[in-house]
Number of protein chains: 2
Amino acid sequence: MIDINKISDSTIRRLSKYYRTLNELIEKNVETVSSNEIANINSITSAQVRKDLSFFGTFGRRGLGYNTFLLKDNIATILGLKKTWNVGLVGFGNIGHALLQYQEFKKQGFIIKAIFDSDPAKVGQIIEGVVVNPIADSCEISKETQIEIIIIAVPPKNAQSLVDHFISCGIKAFLNFAPTSLKVPENVLVKNENMSIELEALSFFLTNKA
Amino acid sequence: MIDINKISDSTIRRLSKYYRTLNELIEKNVETVSSNEIANINSITSAQVRKDLSFFGTFGRRGLGYNTFLLKDNIATILGLKKTWNVGLVGFGNIGHALLQYQEFKKQGFIIKAIFDSDPAKVGQIIEGVVVNPIADSCEISKETQIEIIIIAVPPKNAQSLVDHFISCGIKAFLNFAPTSLKVPENVLVKNENMSIELEALSFFLTNKA
């Protein structure tokens, strides 16, 4: 068992990127790749690539590089991508609609099984085969559909009480699109999807480039 | 001038997070903060906080910590957040609609000045005071409205040709929501917003937690 407390968020993000790099190489029928090549594609150093992978075992062979299929398979195991994950979507506004149709989720094995919304006008709608349910039924439906991850796509003022509610239903992992900090117990994980952070990387670049 | 090639993407992401932490502390009338406190709020080490900041100068005083207002102001300067940025949005589907209404962009100074879409049914619409323009006019309008950043929110198959088009119009910074790798010259920056990467951090956590 990996000690996840020793693995930084940045390492996990980079593993996700290596996973995509390997997928692209495999699509091009590339069978082996060096840490240097993975590094170049991701604009980082090869030492970083080797360090990130070293937390999880020994994958390549010195001088021979990595087998793309094997390394992809290993990273899939590490990231938990060898199974599908049932996901619940809370809030069916603009972001909720966009997420339901976001093909990448399904491609990576994240399946939206149920939508929850407090608006009676939305409840009962079936979109892309997924039903919009009232919040009141959400605990029961989450259990029935074996939901493990909840996506929060509601206004900031409603986010914390909904997270508290789903924690009481046994959910331990949340992806939060509401631009607000959420408080959760230690055994629960929240990742915040703040779309302006990437824009700030662009403004940094535009401000500081020579 | 900072040598931006020496600054990692991870450092920039963390600066954005420190910026948010400082905003929240200032809202609570906190005047000084230690690297340790900033670290705890962001679940990282205080050495990491000090290292990230050290690239840009000396901000705190040993034993006294950082003045929250000054450090926030310094990070705002580093990230280029002391001015507003004019942004163009290409593609007005579900994600485009969600982004136009995403309050965080405006709050951080990213102002969507124009929308571009190839669908004649959408062209001419005015939403939240922003006009949907045809792609054909996008170079001219980008120059008129002094757009510096383009957000790509179109299907993957259309993304590269649109990026090429806007590069030819002089745009040097792109935020890409299309799940595809984009090729750009060295003096142009693309940041990819892949929303399933944060879900993978959750599946990693659920898979590996004790």
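Laboratory data are not the source of any read-out in this text; all were calculated from the coordinates shown. Predicted, not measured: the structure shown is a model, and the values here were computed from it. Methodologically, a virtual Cβ is constructed for each residue, glycine included, from the backbone with ideal geometry; neighbour enumeration extends over all protein chains shown.
Which pairs, out of A:LYS28/B:LYS113; B:LYS106/B:LYS157; A:LYS209/B:LYS83; B:LYS6/B:LYS83; A:LYS106/B:LYS191, put more than 27 Å between their alpha-carbon atoms? From the list (A:LYS28/B:LYS113; B:LYS106/B:LYS157; A:LYS209/B:LYS83; B:LYS6/B:LYS83; A:LYS106/B:LYS191), the Cα-Cα distance tops 27 Å for A:LYS28/B:LYS113; B:LYS106/B:LYS157. Of all DSSP beta bridges confined to the protein assembly as shown, the antiparallel ones make up roughly 20%. Taking every DSSP beta bridge that has both ends in chain B, the antiparallel portion is near 20%. Sorted from nearest, the other copies put their B:ARG62 label points 4.0 nm away, the label point being 7 Å from Cα in the direction of Cβ.
Counting Cβ atoms of other protein chains within 10 Å of each residue's Cβ and taking the mean over peptide B:97-106 gives 5.
Relative contact order of chain B: 13 percent, from C-alpha pairs under 8 Å at least 6 residues apart in sequence.
Hey, for A:ASP3 with labels 7 Å out along Cα-Cβ, what do the inter-copy distances come to in nm, ordered shortest first? Label-point separations across copies, in nm and ascending: 3.5. Residue by residue along A:74-81, Cβ atoms of other protein chains within 10 Å of the local Cβ number 4 on average. Placing a label point 7 Å from the Cα of B:SER34 along the Cα-to-Cβ direction, the residues of the range B:51-77 whose backbone N falls under 17 Å from that point are B:51, B:60-68. Starting from the label point of A:VAL30 at 7 Å along Cα→Cβ, the same points in the other copies fall at 4.3 nm, in ascending order. Put in line by how crowded their Cβ is, counting other Cβ atoms within 10 Å and starting with the fewest, A:LEU182, B:LEU53 read A:LEU182, B:LEU53. With R₀ set to 45 Å, the beta-carbon distance separating A:GLU186 from B:ILE127 gives a calculated FRET efficiency near 0.60.
Determine, from the Cβ-Cβ distance of A:THR77 and A:ASN158 and an R0 of 35 Å, the FRET efficiency 1/(1 + (r/R0)^6), rounded to the nearest 0.05.
On the way: r = 36 Å, r/R0 = 1.04.
So, using R0 = 35 Å, E works out to roughly 0.45.
The spacing between the range B:8-65 and the range B:123-178, judged by their C-alpha centroids, is 35 Å. Based on the Cβ-Cβ distance of B:GLN103 and B:GLU144, what FRET efficiency does E = 1/(1 + (r/R0)^6) give at R0 = 22 Å, to the nearest 0.05? Given R0 = 22 Å and the Cβ-Cβ separation, E is 0.30.
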